[in-house]
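Trainee: First, the structure itself, so that you have it in front of you.
The values are calculated or read from the model by the stated rules, or taken from the named source; none is laboratory data. All figures in this text were calculated on a predicted structure; none of them were measured in a lab. Virtual Cβ from ideal backbone geometry, glycine too; neighbours counted across all protein chains shown. We work out accessible area using only protein heavy atoms, side chains counted, and drop any ligands, DNA or RNA first. Shrake-Rupley method; radii C 1.70, N 1.55, O 1.52, S 1.80 Å.
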Amino acid sequence: MSNTRLRLGRTQSVPIYRQLYQRLREAMTDGRLPPGKRVPSVRSLASELNLSRGTVELAYQLLVSEGYLLPRGPAGTIVSPHLPDAMGPAPTPDTMAGQAPESDLEPPQPFQLGLPALDAFPHKLWARLSQRRLRAQTSAELNYPPPTGHPALKRALVSYLGVSRGIACQPEQIFITDSYRDTLGLICRALLTPGDRGWFEEPGYVMARERLLGEGMHLTPVSVDGEGVNVEAGYSRDAQARFAVVTPTHQSPTGVTMTLARRQALLAWAKREAAWIIEDDYDSEYRYRGQPVPALKSLDGDERVLYTGTFSKVLFPAIKLAYLVVPRTQIATFQRATRGLGHGSPTLNQAVATDFIEEGHFARHLKRMRALYQMRREHLRQALEHHLGDRIHIDLQAGGMHLLARLPDGADDVTLARQAASAGLGGHALSAWYLSAARQSGLLLSFTNVTDAAHADALAARLAELMT
Ligand SMILES: Cc1ncc(COP(=O)(O)O)c(C=O)c1O
């Protein structure tokens, strides 16, 4: 492989591993690296390009996870005989999550993942609360925000998490961040070192995977079944991992709830190995049947769980507000780690969110959204089953914000998702959420912004057309 072709710019804002990933991907899609061709080993490419092995490994891991490269053990790594989409542009993190590209200030795409119902947000109430706060702004509120977050918001979260998620914590344990991804960055900075190994749900949330790989973590895929992440499989693949990232309430993306037995096994492993569990509780508020399930953190007698939540699903993503609850033993470490980072979310947003919670609007809003989502989910399910019949199978889970429409094994869901994107539809291919080559096929389709039965019907009909 010629060095000049792969010259990488350290001054560019794109990380080196990502530049390498893009160059290799281009070489595969334009035929310079044909299917079946063996690629250089990590060690030899690193020395050829004068890069660290970790950087090359990261680029290779991403290409493997997207189906471009195929690891064959001692026989080396080859270009996959079936490239996912030889002509398509390199997927960016945002399009991979089914979210709108950065430059967009447009309404959400139908099926776009990770969005609450933006048409149903109480804009007027929010504007009134914001105006009240703006008028009363003190000079302290114009100062830099406290790096660990607004104290009033932390107090409001202590009560909310205690009542709704069964978590007993103190305000000092809470760190406010801009987003879940930034929360992961903070955890890496505070507790982990590049090269650390962690369990990652298979399939699992692509944006978290990207962020952790970008921080230099090594991820071991651990399969998910009907009881959540398979802890036994985790032990046998890497018992001494430093951390595990899990979504116990509604596994992302399958929606499965982790059983109590699995939770206990995971906690026992973390205690024994002094490993960290990162609990991503991104949409637990949206449960449509049965009792709410307490957070894994509520069982954390040994202080191994880092609990993460976000306001992007329960309020709106543009607010850029998320939070982390750390074990009591780690407060000082996290306080140190936040120094030198930015100052977090704007004080005004944090203050308005606090009022929204404390004045009872939050609880009312969630109650309304639960009823609305239950109805929207049912509309979409019926419409999909009507138009697509036995070409799909829908696993209806107890909660969540999207449907998983499974496709027959081997179906090319990546191409289908790309065609859907060209037709103006969001959503995402299930197979793209796997790290290893053993993937299942399906479409992840959000129902939160499907406004009524007629809308659901029209969208399902468009999808059906693409599948004929
Ligand atoms: C599995 C999962 N975790 C966390 C989040 C929250 O991320 P953020 O705070 O960046 O919106 C999302 C958003 O879609 C998600 O799907």
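Trainee: Which pairs do you get when a residue that is away from the ligand (no atom under 12 Å from the Cβ), found in the range 177-195, comes within reach of a residue that is open to solvent by 30 Å² or more (accessible area, probe 1.4 Å) and acidic (Asp, Glu), reach meaning Cβ atoms under 7 angstrom, with the pair 6+ apart or on two chains?
Mentor: Cys188/Glu215; Pro194/Glu215
Trainee: Separate question: Wholly within the range 32-131, which helices (runs of 4 or more DSSP H) include no fewer than the required count, namely at least 2 residues that are within 16 Å of the ligand (Cβ to nearest atom) and either modelled with pLDDT of 85 or more or outside the structural domain of Gly399 (by TED's automatic domain parsing) (or both)?
Mentor: Helices (runs of 4 or more DSSP H) meeting the threshold: 93-96.
Trainee: Name the single residue, out of those in the range 301-313 being in a loop (DSSP other than H, G, I, E, B) and under 14 Å from Gln350 (Cα atoms), that is farthest from the ligand (Cβ to nearest atom).
Mentor: Ranking the candidates gives Phe311 first.
Trainee: Also: Looking only at residues in the range 257-292 that are touching a helix residue (DSSP H, G or I) at 6+ places or on another chain (Cβ under 9 Å), outside any helix (DSSP H, G or I) and away from the ligand (no atom under 16 Å from the Cβ), which one is least open to solvent (accessible area, probe 1.4 Å)?
Mentor: Going through the qualifying residues, I end up with Ala275.
Trainee: All but one of (1) within 16 Å of the ligand (Cβ to nearest atom); (2) open to solvent by 10 Å² or more (accessible area, probe 1.4 Å) hold for Leu296; which doesn't?
Mentor: Leu296 satisfies all of (1) within 16 Å of the ligand (Cβ to nearest atom); (2) open to solvent by 10 Å² or more (accessible area, probe 1.4 Å) except (2).
Trainee: Out of (1) in contact (Cβ under 8 Å) with a residue 40 or more places away in the chain; (2) within 16 Å of the ligand (Cβ to nearest atom); (3) more than 22 Å from Leu403 (Cα to Cα), the odd one out for Asp238 is which?
Mentor: (2)
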